[in-house]
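Engineer: Dumping the structure here so I can ask a few things about it.
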Amino acid sequence: MADDSAVKIDRNVFHERLSQLIASWKADKRAGDAAWGGANSIVIILGKADDGGYQKANALHFWLLGYEFPTTLMVLTLDTLFIITTAKKAKHLESLKGGKHPIEILVRGKDSEQNAKQFFQCTDVIKSAGKKVGVLAKQVVTGPFADEWIAALGEISKEVEEIDITTALSAVLATKDPQELLAIRDASRVCTVLMTQVFVEEMSEILDAEKKVSHRKLSEIVDHKIDDKKFFASFKQKLSPDFSPERLDWNYGPVVQSGGIYDLRIGVESNDSNLTPGIIIAGMGLRYNSYCSLLARTYLVDPSKSQESAYKLLQSIHETIIAEAKDGVTAKELYNKALGTVRSKKPDLEKYFVKNIGAGIGIETRDAAFVLNGKSSRVLKDGMTFSISTGFNDIPNSDDNNDKKAATFSLILTDTVRINTNEKAAVFTRSAAYDIEAVSFFFQDDKPEAESSPKAKVKKDSKIGAVATSNIKSSRLRAERSTQADGEAEQRRKEHQKELAQRRQQQGLENHKSSTGDQNGVTEKKFKRFESYKRDAQLPSQVKDLVVVVDEKSNTIILPIMGRAVPFHIHTIKNASVNIEGEYAFLRINFLSPGQGVGRKDDQPFEDPSAHFVRSLTFRSEDRDRMHKVVEKITDLRKSLTKREQEKKELEDVVEQEKLIEIRNRKPTRLETVFVRPALDGKRVAGEVEIHSNGLRYRDHRANIIEVLFANIKHLIFQPCTHELIVLIHVHLKNPIMVGKKKTKDVQFYREATDMQFDETGKGKRRHRLHDDEEFEMEQEERRRRALLDKEFKSFAEKIQNAAPQDLFSVDIPVRELGFNGVPFRSNVYMQPTTDCLVQLIEPPFTVITLDEIEIAHLERVQYGLKNFDMVFVFKDFHRAPAHVNTIPVESLENVKDWLDSIDIPYSEGPLNLNWSSIMKTVLADPRGFFEEGGWSFLASGSDDEEDSEEEDESAFEVSASELDAASESSEEDSEFDDDASADASDDASIDEESGEDWDELEEKAKRKDKANGMGSDDEGRGKKRKR
């Protein structure tokens, strides 16, 4: 126990946790006494203080009080807590009185009779509570105080039955609150820094310098670091604001093992053997504020292939266990998952696999009630913490091992994790990387590897006289080594693409056997007749004055010609203007006629192009203001009519949906407090979505309604809020509908997942959280909230699928791992593939490209030196404009190719941007002829020719080893910078000048000389790439 002055018991935490224990006890009684065994009272006793480790009684003291109170007895019933302790300890416990659960404190003194009466009082409480008393059966207590109590309890042993409640208490202590999780997190973070910044650096230095340092000495170096206050300054910002190194202590290790002698059990110590290369295991555990963490890593120094293979398997198992450790999973399911991975990948290693893969961790380093093995049926729950420990023990070394001294080797990975509800476990020790690139070290030179390939061909650069071949150095870490591309995979991809291209070519020939195409690739326009008036009586009354009249109702301009009123429809008029000359204003009206221009508006069809046309009319008037008004009216009429036609054309494909059939006999399934995009009336208002018999209905708080029928849904996409600020359900339609005054094919229902949407206090006021422990609590709360949001929206999307007719559509989810950045419109967004689409659903305008509708994909601007490339999708409907995704980072090129190849979309690539409008006009003009002439093969021909030319150029650089040596010797001889050499050079120059040869002859002579020496010209050398 700490000094009296330092003891401060948190009264609120005590009563909160005591209530949690009693609530679990009562719930078990209602459920049939499965866990607590029907106990009516509970006895917790601590004897004299010792260093025998943490038992369940010690853990309960720390959990309730924050301290250990030796020589203390607790008797707990459902009504009262009785505590017998010494006078000094009783002073600290007095502050706990007056809470929800009554507490009675009995002070133990020097009077033995009075002390005996206190024990008898407690035994009477036990008997009156019931016939069963809960005890910690395996607990070992010592000291006079404990002996007296054991004797007193023995006197009533015939009247009461002792029930072991160790497992029940473990279950109560297993679920951690934010304060406990924060302590475990701090302990884990210090562990990771000690492992990565202290142990790894010390180990590397020892092995690199070939020092002789024992395991025990190396452990002491790491051990003493926690006493160095300066050590914590480098990562203080990662810990709680009130973190104190004084409250930190070792609960395990540090332990270092190498040289073929390994013990993977917790509790072992480092021996006096020296650290040796090979397999090195380091493990450690820290306790902060009484809460523990564990961390163990295996480091591979110059490993053999069999050791690498075994470690990769262990890494795969470890990652699988962490991913599968979720709320609701049993311990044996988790262990069998690990064992199944071993059996499926390397069954010969099953007998070396550990018998358990971890245990519960908290105040106790290893909770025996929550061991993760093949027999335990304990259920993992949200908030529990575990040490996940996977490993292989004593695997025989194979012949390829570099360390001939070790007959066997062991591997282990240990992490401290927290169980979550719907996502994989949160790893507190994740900063200590364990992938094979991070834990592999190489101190030996790769000389045998270099000597084993003397026949390797070497490229020679014409600018370099000698090639250095002895400068081969091995990198220490595997991650620093250069990686080579998988040639076989690339070849398979090319062959598959050839098959897809041939298949597309064949399909194009079959689909367009009888097609004739459009004229010049554009749909031919038809002549339109415009009728302004059917009878003379419909003419406006102003025409009798023989003036220019603009009839806006009939979209007509009536002009006085030769004493008659002649109507002209607005579509026949090209433009109107007015000019002022002296006292008169001249109104000029130009009409549409054949051959006037080449613009889009001037290619109007005519019934008889050979007829005579009036191109313009001019009228003179003294009323300038009237002429200006006429021109203004004509211009406004043309604009309004053009706008109406555009709106009409835009709404041509809008389909009037059938009537929504409402559910009458029960309440429809609802998703409440959601927002819709596009927003109704341009305003963001919350509403709810309902599932009815044949569709969906969205209704906001202003009674605005959007109805979407199942028959019109093309894609239903659910996107979780992982890495995003919103969770959403996106509906992509077959035919557009009207939402307010906008036409749209995409309707999205979403809810924000940010903390701004929630009120933690429930009283309308928001707390300002500034401290790290509160931030940690917020992180935990936000993670749970996001998981619940994802679950709610995904469940609703599945209900939509189930309510629709079978196989009409299914819920699609974007695969973020296959995503890439790009610009489909104006903004740079993150594109994500789904099973059926390529989508971008976060930033409007949305992008939904159906994969089945794609004919081919073409990658543009793919060339060396550019940081981005573009991707173009050509659709099977050639009348549809190709879709562009621009400015994709070149780092995503291979991933994009792999994805396109995996979904059977043929692709090609080229260095330039193409004019796709011209290409599609050519295709539409004669689709049959297009495919007969090779179809889309013209897109790939350029890149293939370029690759072939590069291979031919590269072959010129392949020289034999003898030629390389000869060239090296000659270059060494020529590189002697003495006076004779410079003199020779000057003599040669003077001879050339006297000979009178021109530059062309000199250049030709140099080429012949280079050719005789087996070397290409400098110009040729610059254009070739060296083979890697």
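Engineer: Give me the distance between the Cα centres of segment 416-439 and segment 334-351, rounded to whole Å.
Structural biologist: Spelled out, the Cα-based centre of one part sits 21 Å from the other.
Engineer: Amide H neighbours of Arg378 under 5 Å, counting only residues 5+ apart in sequence or on other chains, H built in-plane at 1.01 Å?
Structural biologist: The answer is Ala331, Lys332.
Engineer: Out of the total accessible area of segment 145-253 (probe 1.4 Å, heavy atoms of protein only), what percent is carbon and sulfur?
Structural biologist: Heavy-atom surface of segment 145-253 belonging to carbon and sulfur, 1.4 Å probe: 47 percent.
Engineer: Which order do Lys176, Lys574, Lys683 take by accessible area at a 1.4 Å probe, largest first?
Structural biologist: Ranked list, largest accessible area first: Lys683, Lys574, Lys176.
Engineer: Work out Dmax and Rg for segment 54-107 from the C-alpha atoms and quote the Rg first, both in angstrom.
Structural biologist: 10.8, 30
Engineer: Need one word for segment 26-162: rounded, prolate or oblate. Basis is the Cα gyration tensor (sqrt eigenvalues a ≥ b ≥ c); a/c below 1.5 gives rounded, then a/b vs b/c decides.
Structural biologist: rounded
Engineer: Starting from the Cα of Lys381, step 7 Å along the direction of its Cβ; do the same at Lys876; then give the gap between the two resulting points in nm.
Structural biologist: So the label points at Lys381 and Lys876 sit 5.4 nm apart.
Engineer: Expected output is a single nm value to one decimal: the length gained when fully extending between Asp625 and Lys8, i.e. 0.36 nm times separation in residues minus the C-alpha distance. What is it?
Structural biologist: 212.7 nm
Engineer: Once the whole set of protein chains is in place, how much accessible area is left on Ser306, using a 1.4 Å probe, in Å² to the nearest 10?
Structural biologist: It works out to around 40 Å².
Engineer: Next question. Taking 8 Å as the Cα distance limit and 6 or more residues as the minimum spacing, I'd like the relative contact order of segment 843-900 as a percentage.
Structural biologist: 26
Engineer: Restricting to Cα pairs below 8 Å that are 6+ residues apart, what does the relative contact order work out to for segment 76-201? Please round to a whole percent.
Structural biologist: 19
Engineer: Within segment 64-170, which trypsin sites (Lys or Arg not before Pro) sit in a loop by DSSP and count at most 10 neighbouring Cβ atoms inside 10 Å?
Structural biologist: Qualifying residues, ordered by number: Lys100, Lys110, Lys138, Lys158.
Engineer: Once the Cα gyration tensor of segment 151-226 is found, what semi-axes does its equivalent ellipsoid get, as square roots of 5 times the eigenvalues, in whole Å, sorted largest first?
Structural biologist: 47, 20, 9
Engineer: Count the net charge of all other residues whose Cβ sits under 9 Å from the Cβ of Asp877, scoring Lys and Arg as +1 and Asp and Glu as -1.
Structural biologist: Summing Lys/Arg as +1 and Asp/Glu as -1 gives 0.
Engineer: So if R0 is 41 Å, what FRET efficiency would Ser128 and Arg247 give, r being the distance between their Cβ atoms, rounded to the nearest 0.05?
Structural biologist: Calculated transfer efficiency: 0.50.
Engineer: Now for a separate question. Within segment 833-932, which chymotrypsin sites (Phe, Trp or Tyr not before Pro) sit in a loop by DSSP and count at most 14 neighbouring Cβ atoms inside 10 Å?
Structural biologist: Tyr864
Engineer: Within segment 888-923, what residues put their amide N at less than 19 Å from the label point 7 Å along the Cα-to-Cβ vector of Lys867?
Structural biologist: Within reach of a label on Lys867: 888-894.
Engineer: Round to the nearest 0.05 the FRET efficiency obtained for Arg644 and Ala323 when R0 = 60 Å and r is the Cβ-Cβ distance.
Structural biologist: 0.55
Engineer: Now for a different question. What is the packing order of peptides 193-204, 614-625, taking the mean over residues of other C-beta atoms within 10 Å and listing the highest first?
Structural biologist: The packing order, highest mean first, is 193-204, 614-625.
Engineer: Return one whole number: the accessible area per residue of segment 18-58 in Å², for a 1.4 Å probe.
Structural biologist: Value for segment 18-58: 45 Å² per residue.
Engineer: Please go through the residue pairs Lys714/Lys799; Lys743/Lys876; Lys217/Lys238; Lys88/Lys127 and name each one whose alpha carbons sit more than 18 Å apart in this structure.
Structural biologist: Lys743/Lys876; Lys217/Lys238; Lys88/Lys127
Engineer: May I ask which of Lys138/Lys332; Lys424/Lys494; Lys544/Lys574; Lys26/Lys48; Lys131/Lys355 have a Cα-Cα span longer than 30 Å here?
Structural biologist: Flagged as over cut-off: Lys424/Lys494; Lys26/Lys48; Lys131/Lys355.
Engineer: Then there is this: Please work out how much length the chain gains when fully extended from Ala137 to Glu531, using 0.36 nm per residue of separation minus the C-alpha to C-alpha distance, in nm with one decimal.
Structural biologist: 131.5 nm
Engineer: In addition: For the peptides 286-296, 177-187, what is the packing order when you average, over each peptide's residues, the other Cβ atoms within 10 Å and list the highest mean first?
Structural biologist: Taking the mean over residues of other Cβ atoms within 10 Å, the ranking is 286-296, 177-187.
Engineer: Go through Thr429, Thr421 and list them by solvent-accessible area, largest first, probe radius 1.4 Å.
Structural biologist: Thr421, Thr429
Engineer: Let me ask another. Test of understanding: express the Cα radius of gyration of segment 328-388 as a ratio to 2.2 N^0.38 Å, with N the residue count.
Structural biologist: Ratio of Rg to 2.2 N^0.38 Å for segment 328-388: 1.17.
Engineer: Additional query: Can you pull the accessible area of Asp394 for me, 1.4 Å probe, Å² to the nearest 10?
Structural biologist: Accessible surface of Asp394 is approximately 70 Å².
Engineer: What is the local net charge at Ser270, summed over the other residues whose Cβ is closer than 11 Å to its Cβ (Lys, Arg +1; Asp, Glu -1)?
Structural biologist: Every neighbour counted, the sum reads -3.
Engineer: How many angstrom separate the Cα center of segment 64-112 from the Cα center of segment 848-880?
Structural biologist: Cα centroid to Cα centroid, the span is 76 Å.
Engineer: Between Glu933 and Ser810, take the C-beta separation as r, use R0 = 35 Å, and let me know the FRET efficiency to the nearest 0.05.
Structural biologist: Between Glu933 and Ser810 the formula returns 0.30.
Engineer: Using every pair of alpha-carbon atoms in segment 255-326, split the distances into 5 Å bins beginning at 0 and state the percent of pairs per bin, rounded to integers.
Structural biologist: Result, from short to long distances: 3, 13, 19, 21, 20, 14, 7, 3, 0 percent.
The values are calculated or read from the model by the stated rules, or taken from the named source; none is laboratory data. Small disclaimer: the values here were computed from a predicted structure and weren't measured. Methodologically, a virtual Cβ is constructed for each residue, glycine included, from the backbone with ideal geometry; neighbour enumeration extends over all protein chains shown. Surface areas here come from the heavy atoms of the whole protein model, side chains and all, with no ligands, DNA or RNA. Shrake-Rupley method; radii C 1.70, N 1.55, O 1.52, S 1.80 Å.
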